[in-house]
Each structure stands twice: as C-alpha cells, then as structure tokens.
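Colleague: I am attaching a structure below and will ask some questions about it afterwards.
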Amino acid sequence: MLSDLLRWGTKRAPETTAVPKPPAVKGIEAIISSKGLPKFLSALSNQPSPASLIDFGPVIGTNVAYLGERLGCKLFIEDLTNELSRHLKSGTMDALPDAVELRLRHGDASVDGILCWDFFDFLKKPAAQRVAQHLVNMLRPGGAIMGYFAISDVERSNFMKYEIVDDQSMRHRQHTGSGARHAHPNREIIRMFEGLTVAESFLLKNNSREILLRKK
C-alpha cells in the first residue's frame, strides 16, 4: 500500500506561521499541553531542508497544514491505525511487524522525524521491539521520534487521533477502533529503541508519558 506523500519546497519561520486551530467537535476530546512537540519541531528544523517526516496517524488537514507551514517538510501519512485495526480484528497480530516493514520501505538513515503517537501501546513486547528497531534504522543522525506511552495496562481502549493545536498543545480525540493497551516500562522502551537516546520524558495529565527520542 502506497503512502500519501505531501511535500513543500520551503519552510516558514515559526513566528510567521498562521494555521487555523482545529474546530470544536462533538465527542470525547481533550486539549493537553505538550512539552515534547516544540522540542521535536526544533530537532527537525535543525535537519537539512527539506526534512523528511513520517506520521503514523490518519490524514488530519490541520496537521498537514501546520507541519507544512512550520517545517516545509516531505510528509508521509501512513495511517498505521488501519493496519493495526485490521490485524487485531483478524487475530494476526504476529504478522503486524511484517506489514509495518513492508509499508515503511524507507532506506536506512533516510528519515528525519517520526510521529508514532500511541501506536506502540497496542503492541506486545516482541512486536514492539521489532517495529522500534526498524524505525531506528530509518532515522538519520540528529533525527527524532515522538510518541505517547501508557503508564498502566488497559484491557480495552479506543484508538486516538492527535491534532496539533499550536506549538505547545495537542487535541486528543477518539478514533475508530480499539484494542488492549500495553504499558511498556521505561527500561523496556530504552531497549526497544536501542541506538536512540531518551531526550525528554514528560508525564501528562491523562496518565500517559510523552517521550522524545533522538539519534546522535
């Protein structure tokens, strides 16, 4: 399955960025302060232009506009939530790492940033380790990965969509699909992403951790 690829030739300075905030929507949502997002954006801004960015989430128009204005990047929208949902429903989660590697056919050291959101929460340890190492191999030196990690197991949890409101806040919204959420301890996350350094880790009000990993 081919990725949706969006590209901008130039990036605009942060102070001139003017992207409308996502409109209010019905249903469960929360706007949560993000300390990792500005550091993630800063890491990509320091990479050779245009930066290459992979987004594990679905296409969200405001995110596309924001990242384009802010970074002038090559953006690959992968929507791995659909892949995850398909394997959960069919009981083929053991095959998910193969599907992810087939989907993310980027060369080694070819990607500057990855927004994996809460994808790893729905993977058990063996699958999480394999997918994480695939991402580590794709990441360029100086690149960054940003994700959300649960602090406790949940038997059944909805998938989430993450909308960028501004440089320091995200709107968390329920998405279609659900699955068991697995809490990976900090030491396990470090081993999963061997080759990267945990640059920042923040405990959020919704009892998840926002973690920024960097490649030297």
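The values are calculated or read from the model by the stated rules, or taken from the named source; none is laboratory data. Just so you know, these numbers come straight off a predicted model, no measurement behind them. We place every Cβ from the backbone using ideal geometry, glycine too, and count neighbours over all the protein chains shown.
Colleague: Considering only residues that are closer than 20 Å to ASN82 by Cα and touching a Ser or Thr at 6+ places or on another chain (Cβ under 7 Å), look in the stretch 121-149 and name the one that is surrounded by the fewest Cβ atoms within 10 Å (Cβ to Cβ).
Modeller: In this case the residue turns out to be PHE149.
Colleague: If you don't mind, there's one more thing I want to ask. Can you tell me which residue among GLU200, GLU163, GLU188 is under 20 Å from PHE76 (Cβ atoms) and among the acidic types (Asp, Glu)?
Modeller: Going through GLU200, GLU163, GLU188 in turn, just one is under 20 Å from PHE76 (Cβ atoms) and among the acidic types (Asp, Glu): GLU163.
Per-residue answers, yes or no, for (1) at pLDDT below 95; (2) over 14 Å from LYS125 (Cβ atoms); (3) within 16 Å of the chain's Cα centre (by Cα):
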| residue | (1), (2), (3) |
| --- | --- |
| HIS175 | yes, yes, yes |
| HIS182 | no, no, no |
| ARG191 | no, no, no |
| LEU196 | no, yes, yes |
| ALA199 | no, yes, yes |
| LEU203 | yes, yes, no |
| ASN207 | yes, yes, no |
| ARG214 | no, yes, yes |
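Colleague: Additional query: For the stretch 92-102, state whether one or more residues are surrounded by fewer than 19 Cβ atoms within 10 Å (Cβ to Cβ), under 15 Å from the mean Cα position of the chain (by Cα) and under 18 Å from ILE145 (Cα atoms).
Modeller: no
Colleague: Evaluate the stretch 154-171: report whether one residue or more is in a strand (DSSP E or B), closer than 25 Å to ARG70 by Cβ, basic (Lys, Arg) and in contact (Cβ under 8 Å) with a residue 12 or more places away in the chain.
Modeller: Yes, some residue in the stretch 154-171 is in a strand (DSSP E or B), closer than 25 Å to ARG70 by Cβ, basic (Lys, Arg) and in contact (Cβ under 8 Å) with a residue 12 or more places away in the chain.
Colleague: For SER42, indicate whether it is of a type in the set (Gly, Ala, Ser), farther than 15 Å from CYS116 by Cα, surrounded by fewer than 21 Cβ atoms within 10 Å (Cβ to Cβ) and modelled with pLDDT of 95 or more.
Modeller: Yes, satisfied.
Colleague: Collect the residues in the stretch 49-69 that are under 20 Å from HIS172 (Cβ atoms), of a type outside the set (Val, Ile, Thr) and part of a helix (DSSP H, G or I), keeping them in residue-number order.
Modeller: Within the stretch 49-69, GLY61, ASN63, ALA65, TYR66, LEU67 qualify.
Colleague: Now a separate question. Looking at this structure, is ASP118 surrounded by 19 or more Cβ atoms within 10 Å (Cβ to Cβ) and out of contact with any helix residue (DSSP H, G or I) (no Cβ under 6 Å at 6 or more places or on another chain)?
Modeller: Yes.
Colleague: A further question follows. Looking only at the stretch 58-80, decide whether some residue is of a type in the set (Asp, Glu), within 16 Å of the chain's Cα centre (by Cα) and either crowded, with 16+ Cβ neighbours inside 10 Å or modelled with pLDDT under 95 (or both).
Modeller: Checked against the condition, which is being of a type in the set (Asp, Glu), within 16 Å of the chain's Cα centre (by Cα) and either crowded, with 16+ Cβ neighbours inside 10 Å or modelled with pLDDT under 95 (or both), the stretch 58-80 yields at least one hit.
Colleague: Would you be able to tell me the number of residues in the stretch 181-208 that are within 12 Å of ASN158 (Cβ to Cβ) and exposed (fewer than 15 other Cβ atoms within 10 Å of the Cβ)?
Modeller: The number of residues fulfilling the criteria is 0.
Colleague: Another question, then. Kindly check whether there is at least one residue in the stretch 90-113 that is part of a loop (DSSP other than H, G, I, E, B), of a type in the set (A, V, I, L, M) and over 28 Å from PRO185 (Cβ atoms).
Modeller: Checked the stretch 90-113: at least one residue is part of a loop (DSSP other than H, G, I, E, B), of a type in the set (A, V, I, L, M) and over 28 Å from PRO185 (Cβ atoms).
Colleague: Here are some conditions: (1) closer than 18 Å to PHE76 by Cβ; (2) of a type in the set (Gly, Ala, Ser); (3) touching a residue at least 60 places away in the same chain (Cβ under 8 Å). GLY107 meets all but one. Which one does it not meet?
Modeller: (3)
Colleague: Hey, another quick one. Do any residues in the stretch 70-90 that are among the acidic types (Asp, Glu) have Cβ atoms under 6 Å from those of residues that are surrounded by fewer than 17 Cβ atoms within 10 Å (Cβ to Cβ) and not in a helix (DSSP H, G or I), where the two are at least six apart or on different chains, and which pairs are they?
Modeller: GLU78/SER3
Colleague: Any idea which of (1) at pLDDT 95 or above; (2) under 16 Å from the mean Cα position of the chain (by Cα) is the one GLN168 doesn't satisfy?
Modeller: (1)
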